[in-house]
1. How big is the antiparallel share of DSSP beta bridges in the chain, given as a percent to the nearest 5?
2. Once phi is turned into ³J(HN,Hα) by the Karplus curve 6.51 cos²θ - 1.76 cosθ + 1.60 with θ = phi - 60°, what whole-Hz value does each residue of the stretch 40-56 show in order, with x for glycine and proline?
3. Give, as ranges by residue number, the residues of the stretch 107-135 whose backbone N falls under 11 Å from the point 7 Å along Cα→Cβ of R24.
4. Mind checking the full-extension length gain between K35 and S73? Use 0.36 nm per residue of separation minus the Cα-Cα distance, one decimal, nm.
5. Using just the alpha carbons, could you tell me how many Å³ per residue the convex hull of the stretch 5-134 encloses?
6. Only Cα pairs under 8 Å and at least 6 apart count here; give the relative contact order of the chain as a rounded whole percent.
7. Are there GluC sites (Glu not before Pro) in the stretch 42-98 that DSSP puts in a loop and that have at most 13 other Cβ atoms within 10 Å, and which ones?
8. Sort 29-35, 53-59, 17-23 by packing, meaning the average of other beta carbons within 10 Å per residue, with the highest value first.
Amino acid sequence: MAIKLIDILLEGIDLSTMEGIVDRVYPQIVNNLGKAFKATPKVEFHKNIYSRLSGIPGMEGEANPHAEYDSRSNKIYLYIPKMTDEEEIIKALLHEYTHATQDPKQNDEYRAKGYENNPNEIAARKAELDWKDYI
């Protein structure tokens, strides 16, 4: 795990509970959504994108995503302050794993269409709609 429990402030769910949810639902998501473009990505928890990328604990910035898939490292990153309940965790896993199934060579072309019209984002948002299947 890339983060220490002492380094995070949680509003309603602790790291152990988050890990339990991931352990329970992630294998089902992988099975249901099919093979990843690369190997099945690992899931890591971090306080935020700034501290993850800088390596500086406590680093802050203006914007912080809920989660992200990095095709270079083939990892899904869940940002703890945004993961306030089981629904958020499941939606994030569905969304980011969907990206893991997509060809990263299309990213530049699709990003040029804008977030709302990006076929990869449309598919990832659609996958989130099935979150209740994993409760």
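We did not get these values from a lab; they are worked out from the coordinates using the rules stated. Keep in mind that this is a model prediction, so the values were computed, not measured. Note that we place each Cβ from the backbone using ideal geometry, even for glycine, and neighbour counts take in every protein chain shown.
1. That works out to approximately 45 percent antiparallel.
2. 4, x, 7, 10, 10, 9, 9, 5, 6, 5, 5, 5, 5, 6, 7, x, 9
3. The answer is 134-135, whose backbone nitrogens lie closer than 11 Å to the label point.
4. 12.0 nm
5. 113 Å³
6. 27 percent
7. Sites meeting the loop and neighbour criteria: E60, E62.
8. Taking the mean over residues of other Cβ atoms within 10 Å, the ranking is 17-23, 29-35, 53-59.
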